[in-house]
Amino acid sequence: MSQQTSITLNDGRAIPQVGLGVWQVPDETATQSVAEALKAGYTHVDTAAIYENERGVGRGLAQSGVTRGDVFVTTKLWNENQGFDRTLRAFDESLNRLGLDHVDLYLIHWPSPAREAYVDTWKAFIRLREEGRARSIGVSNFTAEHLDRLIGETGVTPVLNQIELHPRFQQRDLRAAHEARGIATQSWSPLGQGQLLSDPAIARIAQKHGKTPAQVIIRWHVDNGLVVIPKSVTPSRIRENIAVFDFRLDEEDLSAIAALDSAEGRIGPDPMTAKF
Ligand code: NAD
């Protein structure tokens, strides 16, 4: 069992620091992965409408018999559904697929700035929060400028921004911008989509602590106050990725990992130029 830690969001609610990511997990497999994760002590699952596995995630939650209040469920609005009315409709569809009456966190998946719709979308998110169907509301892949526009035009600050973040792309400037605005940072592709697991500096730290490279990287996110959602469909790895609460990284480890940051470390799309 894990001793899961959590972060308090700016709306007073708590989010477990480690969750299960299910991007690229087929619907059927998502049911098994979610069930496996809940058994292993996870209390947090991150899906999205575009992952096309909300049904599978919902089945995994239902079949596990876990009490709804004991698990934190996030889903995301896909870009083509931005805009006030479309957002409300898309949210209903996500809830239906999940088989839930509320989500713990609803995120705008990408700012998609060319659509000029993220502020209206955010206004619909505020309504969903007022209705209690999205308990907390946040964003993903937003820059500091996008965040300031949302806050300036609505007075409502997102609880968190889910962004690409891993030891090779540490996003120090955006993290500082979040901190200044009371926004939590959530790391997507926290293991660099697996690419960081063979890094020699990570391997050395793993050996020193008798841990695996994945555990060292996940612990690094936790020690940095980040919320982290590693993805795996392999039961032993799902268990491994949450067994990170029985060791700590020391100063030497943290400075070795700090040195891996790179301006060229981004793996996924740049939110300013993404064509979707
Ligand atoms: P990740 O960094 O979590 O890496 C996942 C890969 O690492 C797996 O496919 C597996 O091959 C490998 N892996 C995982 N655990 C391992 C272990 N213990 N040992 C060895 N290999 C292991 O990559 P990800 O899936 O891109 O990101 C995680 C989650 O972040 C996604 O599932 C999704 O929920 C979220 N995400 C969000 C966005 C966004 O735009 N908001 C974008 C990408 C991902």
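The values are calculated or read from the model by the stated rules, or taken from the named source; none is laboratory data. All figures in this text were calculated on a predicted structure; none of them were measured in a lab. Glycine gets a Cβ as well: all are built from the backbone with ideal geometry, and neighbour counts include every protein chain shown. Only protein heavy atoms, including side chains, enter the accessible area calculation; ligands, DNA and RNA are left aside. Shrake-Rupley method; radii C 1.70, N 1.55, O 1.52, S 1.80 Å.
Restricting segment 127-153 to residues that are out of contact with any strand residue (DSSP E or B) (no Cβ under 7 Å at 6 or more places or on another chain) and closer than 21 Å to His102 by Cβ, the residue that is most open to solvent (accessible area, probe 1.4 Å) is Glu130. The residues of segment 169-178 that are touching a residue at least 60 places away in the same chain (Cβ under 8 Å) and crowded, with 19+ Cβ neighbours inside 10 Å, listed by number, are Phe169, Gln170. Every test in (1) exposed (fewer than 15 other Cβ atoms within 10 Å of the Cβ); (2) under 27 Å from Thr43 (Cα atoms); (3) in contact with a Ser or Thr (Cβ under 8 Å, 6 or more places away or on another chain); (4) of a type outside the set (S, T, N, Q) is passed by Glu240 save one, and that test is (1).
Scanning segment 79-111 for residues being open to solvent by 10 Å² or more (accessible area, probe 1.4 Å) and part of a loop (DSSP other than H, G, I, E, B) gives a total of 8. Are any residues in segment 18-27 open to solvent by 10 Å² or more (accessible area, probe 1.4 Å) and either hydroxyl-bearing (Ser, Thr, Tyr) or in contact with a strand residue (DSSP E or B) (Cβ under 8 Å, 6 or more places away or on another chain) (or both), and if so, which ones? Across segment 18-27, the qualifying residues are Trp23, Gln24. Only residues that are closer than 22 Å to Asp92 by Cα, among the small types (Gly, Ala, Ser) and open to solvent by 20 Å² or more (accessible area, probe 1.4 Å): list them for segment 30-61, please. Residue satisfying the conditions is Ala49 alone.
Would you please name the residue that is nearest to the chain's Cα centre (by Cα), looking only at residues in segment 179-208 that are open to solvent by 30 Å² or more (accessible area, probe 1.4 Å), touching a residue at least 40 places away in the same chain (Cβ under 8 Å) and away from the ligand (no atom under 12 Å from the Cβ)? Restricting to residues being open to solvent by 30 Å² or more (accessible area, probe 1.4 Å), touching a residue at least 40 places away in the same chain (Cβ under 8 Å) and away from the ligand (no atom under 12 Å from the Cβ), the top hit is Gly182. Kindly indicate the residue of segment 154-168 that is of a type outside the set (D, E, K, R) and in a loop (DSSP other than H, G, I, E, B) and also most open to solvent (accessible area, probe 1.4 Å) among those meeting that condition. Restricting to residues being of a type outside the set (D, E, K, R) and in a loop (DSSP other than H, G, I, E, B), the top hit is Gly155.
For beta carbons closer than 9 Å, sequence separation of 6+ or different chains, a first residue in segment 47-71 that is among the hydroxyl-bearing types (Ser, Thr, Tyr) and a second that is open to solvent by 80 Å² or more (accessible area, probe 1.4 Å), the qualifying pairs are Thr47/Trp23; Tyr51/Trp23; Tyr51/Gln24; Ser64/Lys39.
Restricting Val222, Val228, Val233 to residues that are farther than 25 Å from Ile7 by Cβ and either near the ligand (Cβ under 10 Å from one of its atoms) or under 16 Å from the mean Cα position of the chain (by Cα) (or both) narrows the list to Val233. Only one of the numbered conditions (1) in a helix (DSSP H, G or I); (2) at pLDDT 95 or above; (3) more than 15 Å from the ligand (Cβ to nearest atom) is not met by Ile50, and that is (3). Within segment 217-237, being over 28 Å from Pro271 (Cβ atoms) and either open to solvent by less than 10 Å² (accessible area, probe 1.4 Å) or not in a helix (DSSP H, G or I) (or both) holds for one residue alone: Thr234.
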